[in-house]
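The values are calculated or read from the model by the stated rules, or taken from the named source; none is laboratory data. Keep in mind that this is a model prediction, so the values were computed, not measured. Counting neighbours? That spans all protein chains shown, and the Cβs are built from the backbone with ideal geometry, glycine included. Surface areas here come from the heavy atoms of the whole protein model, side chains and all, with no ligands, DNA or RNA. Shrake-Rupley method; radii C 1.70, N 1.55, O 1.52, S 1.80 Å.
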Amino acid sequence: MNSRREYRSSRNALFDGIEEGGIRASSSYATHEIAEQDNDHAMDGLEDRVTMLKRLTADIHEEVDGQNRSLDRMGNDMDASRGILSGTMDRFKRVFETKSSRNMVTLVTSFVVLFLLIYYLTK
C-alpha cells in the first residue's frame, strides 16, 4: 500500500503541477486581457483629450487671426486719423500765423457757436 500511496502522491504532484500551470496560464491570459482592455480604455481617453486640445488650438488660432485683423484695421484707421488731424493742425497754424483779426474773429465765433450747439443738443 505504501507504494500505491507513493504512486498516487507522485501522480497528484505531477498533475497538480500541470493544473497549476494551466491555471497560471489562463490567469496570466486573463490578466493580459484586463491589461489590454485598460490600455484600450486609456488610449480612448487620450484620443478624446487630443481631439479636444486640437479643437481648442484651432479655436485659439481663429481668435488670434481675428484679433490680428482687427488690430490691422485699427492701425489703418489711426493712420488715416493722424493724416486728417495733421492737415487740420496745419490749417490752424496758418490761421494763427497770419494774425488777421478777421480770421481770428471767425475762428472764435465758430468755436462759440459749436460749443453752444453741442450744449443745447446734449441738454
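Quick rundown of the values:
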{"read-out": "Residue 36 versus residue 82: modelled label distance in nm, points set 7 Å from Cα along the beta carbon direction", "value": "6.9"}
{"read-out": "Accessible area per residue in Å² at 1.4 Å probe, computed on segment 33-105", "value": "92"}
